[in-house]
Structures are given as structure tokens and as C-alpha cells.
Amino acid sequence: MEEKKLGIFAQFKRNVRKRMLTGLLLILPIYVTFFVVKFLFGFVGGLLSPIIKKIFLFHGISPKTHFDEFVITFLGIILTFMTLYFIGIFAANFVGKAIINYFESLLTKTPIVRNIYSSVKQIIHSISLPGKQAFKRVVLVDFPKEGTKSIGFITSTTEYNGEKKMVSIFIPTTPNPTTGFLILAPEDTVTDTNLTVEEAFKILFSGGVLTPRDIVASFRASKNSPETHNA
């Protein structure tokens, strides 16, 4: 009789654990989405919120409730987008281009600042311009040691001593792929995969939980490799 009670209790514990896990898997994506949207809402709206607050105070209106703060943040978002839109219009005409080029020349001639500005500008242009891809291929590479494979993104190609083709590979960390390592490796040492950039990021965000059953990989030989010459 006691064994039967223990069996029922164990089954009850399993059911409770299963239901709690199901609830967690349902709530967690909603919570993360809400947190990200809230952060973006506060960040974008907060850029011009102080200006809107000063305008309200100038007209004798003092925000007192959370709803007032929400309205100010919402107006800040609208004002931010409107400002960006008009900056885009200004930058598209002759006078705007001349003024922007003048300030860019000042920045590019200022020590330290010019290096930061030029690097950031190149990165943003490489990501945002049509036809440009920051991550060209998803590959597997031996990292951090030989025999272990890490997911990497090829970002560019170069040459070593004018002969050997090298590729720049960004290897993100998990579950936060915004940081990582940059390595240079010979083209013929990386292994191409059938993964898209989106699928690779799913694997990284999930810590490997959403890894496909089979990653189709192919070894890309360099044009200067012995295998190519023998063929």
C-alpha cells in the first residue's frame, strides 16, 4: 500500500514538473520579447524625452503619473523617427551633402577620433547597403583546438604574402553571439555547411538545443591545394 502511494506521489511530481516546464517554455519567449521591445521602446523614446519634458514644463505641464511618462516616451519615439527622416532629406540635397562632407573631413583629420569613426562607418555600410552581406558563409572551423568544431561566419577574404588565400572568420560566443573571436585561417581549412545565417544564430541563441539533426558539410579546397592540382 505504501509502495503504491510512493508511486502515485512520484507520478504527481513528474506531472507537476512537466506542466511547469511547459508553462516556462510558453512564458519565457513572451517575456524575452516583451523585455526586448520594452528596452527598444525606452531607448529610442528616451533619446528625445528630456527635450519633450522641458517643452511640457515650459508650458506649465508637469508629468506626474506613469501614463504621463509613457506619453512622453511615445512622443519621443515619434519625434526621433521624424528627426531621422528630415536628416535623411537634408543629407540628400546639395547643401546637406556639402555640410556633412565638411564635418566628415574634420572627423577624419582628428587623431584617435578618425580611426573610430572610419571603422564604425565601414561596418555600418557593409551591413546596411543593398547587396552587402556581413556574414557571407556559415562554416565549421577547428576552434579552440584541433578536433573540435565551432560555428563561424566568414566576413571577408584576403591574401597572405600575396599567395595564400585567407578568410576572416567571426566565431560568436553562446548564448550571447554579440561577442566572440576573430581569426584568420587558410581557405582550404574551413568546412562549408548547408546552414543559413538565421539557422546558425538559432543554434547559438539556444546553446545548441535547436541544432539540426544533420549539418551537411563540404570541404572547400583551395585552388592552390595539392588535391586540386592532382585532379
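The values are calculated or read from the model by the stated rules, or taken from the named source; none is laboratory data. No experiment lies behind these values; they were computed from the predicted model shown. Every residue, glycine as well, gets a Cβ built from its backbone with ideal geometry; the counts of neighbours run over all protein chains shown.
Regarding the range 169-187, can at least one residue be identified that is acidic (Asp, Glu), under 19 Å from residue 204 (Cα atoms) and in contact with a strand residue (DSSP E or B) (Cβ under 8 Å, 6 or more places away or on another chain)? Within the range 169-187 (the criterion being acidic (Asp, Glu), under 19 Å from residue 204 (Cα atoms) and in contact with a strand residue (DSSP E or B) (Cβ under 8 Å, 6 or more places away or on another chain)), the answer is no, since none of the residues qualifies.
Among the residues of the range 131-149, are any touching a Leu at 6+ places or on another chain (Cβ under 6 Å) and modelled with pLDDT under 85? No. Restricted to the range 160-207, the set of strands (runs of 3 or more DSSP E) holding at least 2 residues that are in contact (Cβ under 8 Å) with a residue 12 or more places away in the chain, among the β-branched types (Val, Ile, Thr) and crowded, with 17+ Cβ neighbours inside 10 Å comprises 164-172.
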